[in-house]
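Working notes, structure below.
The values are calculated or read from the model by the stated rules, or taken from the named source; none is laboratory data. These numbers come from a predicted model, not from an experiment. Note that we place each Cβ from the backbone using ideal geometry, even for glycine, and neighbour counts take in every protein chain shown.
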Amino acid sequence: MRTITAAAFAAALLALTACSSDHGPNVAACKQAMQQQFEDAIATGAEGSRPAACIGVDDATLRRLVEEIMSEGMDDIPTPSIT
């Protein structure tokens, strides 16, 4: 289940195309917004979309951020215990 949720989150983010911004993207704000969406997806199963903070962030950077967030967050995902 956690793999499906994480994969759905990553796929939703990577499927979006990059938009341009006159002032350049704020990668730190984008990562923070994506981190919050990842945590929400784990807690509630909600699907994410490109956060407003990520407008203008290129696809390669988004992929890197998704990989970072997922590798940092996978240990925090609760796993069901088999009894």
Can you tell me which residue among Thr61, Thr3 is farther than 26 Å from Ser81 by Cα and either at pLDDT below 70 or not in a loop (DSSP other than H, G, I, E, B) (or both)?
Thr61
Which condition does Met70 not pass, out of (1) modelled with pLDDT under 95; (2) over 29 Å from Pro80 (Cβ atoms); (3) out of contact with any Lys or Arg (no Cβ under 8 Å at 6 or more places or on another chain), if it passes all the others?
(2)
Kindly list, by first and then second residue, each pair from a residue in the stretch 25-49 that is modelled with pLDDT of 90 or more and among the basic types (Lys, Arg) to a residue that is surrounded by fewer than 16 Cβ atoms within 10 Å (Cβ to Cβ) and outside any loop (DSSP other than H, G, I, E, B), limited to pairs with Cβ atoms under 7 Å and residues at least 6 apart or on different chains.
none
Starting from the stretch 65-83, keep only residues that are surrounded by 10 or more Cβ atoms within 10 Å (Cβ to Cβ) and among the small types (Gly, Ala, Ser), then list their pairs with residues that are at pLDDT below 70 and part of a helix (DSSP H, G or I) whose Cβ atoms are within a distance under 9 Å, requiring at least 6 positions of separation or different chains.
Gly73/Ala6
